[in-house]
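Below is one structure, written out as structure tokens, with a few remarks after it.
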Amino acid sequence: MIDYVSILKQHPNGVLATQDGKGVRTRVFQFQFAEGDKLYFCTQNFKPVYEQLKANPHVSFCTYTEDFNPALSVSGKAIFTEDATLKTRAIEGNPLIKEIYKTADNPIFALFYIEAEDVETFTFTEGSKKYKV
């Protein structure tokens, strides 16, 4: 298995794919941190993406290195958490998130994780590889 968490830590900005009643939607998102196979992200609880994740939690997050070696896609189920310790970790671990939300108990701050199920990588030398987590 590839160390996909290391890739995410080095390249946290990527694209989150969700589904709504009209089809697949993509948005720029930022990986916050990992605990085991749980990959944490955050959003605001009044945004359409929040409702989409609640209605259909099956998602995919894609990121890549500057030379696309590798490109990485992690798929799984998005699960929201109200755990104050985890919310604080997200706030304290990212100055931009702290600037937006100020504190972990901000009522619009929604933290979720993707419970990684599948990981797919692509490199120009090795092609595509799929892994079950």
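All of the numbers you see were taken from the coordinates with simple rules; none came from a lab. Keep in mind the model is a prediction, meaning the values are calculated, not measured. For neighbour counting, all protein chains shown are included, and Cβ atoms are generated from backbone atoms with ideal geometry for every residue, glycine included.
Compute the length gained on full extension between residue 82 and residue 105: take 0.36 nm times their separation in residues and subtract their Cα-Cα distance, giving the result in nm to one decimal. Mind dumping the intermediate values first?
Values: separation 23, 0.36 × 23 = 8.28 nm, distance 0.92 nm.
Full-extension gain reported as 7.4 nm.
Tell me, what ³J(HN,Hα) does each residue in the range 47-55 have, in order and in whole Hz, if you take phi through Karplus 6.51 cos²θ - 1.76 cosθ + 1.60 with θ = phi - 60° and put x for Gly and Pro?
Computed from phi, the couplings for the range 47-55 are 7, x, 4, 4, 5, 5, 5, 5, 6 Hz.
With contacts defined as alpha carbon pairs under 8 Å and 6 or more residues apart, what's the relative contact order of the chain in percent?
Values: 252 pairs, mean separation 33.5, N = 133.
About 25 percent, as a whole number.
The range 5-58: which chymotrypsin sites (Phe, Trp or Tyr not before Pro) are DSSP loop and have at most 11 other beta-carbon atoms within 10 angstrom? List each step's numbers first, then the result.
Details: sites: 29, 31, 33, 40, 41, 46, 50; in loops: 31, 46.
Here the sparse-neighbourhood loop sites are 46.
Loop-only GluC sites (Glu not before Pro) in the range 17-77, please: DSSP not H, G, I, E or B, and at most 11 other Cβ atoms within 10 Å. Please list the in-between numbers first.
On the way: sites: 35, 51, 66; in loops: 66.
In loop regions of the range 17-77 (DSSP not H, G, I, E or B), the sparsely surrounded GluC sites (Glu not before Pro) are 66.
How large is the helix-only mean residue ellipticity at 222 nm for the chain, computed as the sum of -39500 (n - 2.57) over DSSP H runs with n ≥ 4, divided by its residue count, in deg cm²/dmol to the nearest 500?
Working: 4 runs with 32 residues, N = 133.
Counting only the DSSP helices, I get -6500 deg cm²/dmol.
If amide H atoms are built 1.01 Å from N in the plane of the peptide, which residues on other chains or at least 5 residues away come under 5 Å of the amide H of residue 58?
Result for residue 58 returns 78.
What is the Cα centroid distance between the range 1-80 and the range 90-133, reported in whole angstrom?
A separation of 5 Å, based on Cα centres.
Taking the C-alpha atoms of the chain, how large are the radius of gyration and the largest Cα-Cα span, Dmax, in Å?
14.7, 47
Hand me the GluC sites (Glu not before Pro) from the range 77-120 located in a DSSP loop with no more than 15 other Cβ atoms within 10 Å, in residue order please.
Working: sites: 82, 92, 99, 115, 117, 120; in loops: 82.
The qualifying sites are 82.
If R₀ is 25 angstrom, what is the calculated FRET efficiency for the pair residue 28 and residue 98, using the beta carbon separation as r and rounding to 0.05? Intermediate results must be reported in sequence, preceding the final value.
Working: r = 19 Å, r/R0 = 0.76.
Working from the Cβ atoms, E equals 0.85.
Within the chain, which is the longest segment that contains none of the trypsin sites (Lys or Arg not before Pro) sitting in a DSSP loop with at most 15 other Cβ atoms within 10 Å? Working shown, then result.
Working: sites that count: 22, 102.
Between the exposed loop sites, the longest stretch runs 23-101.
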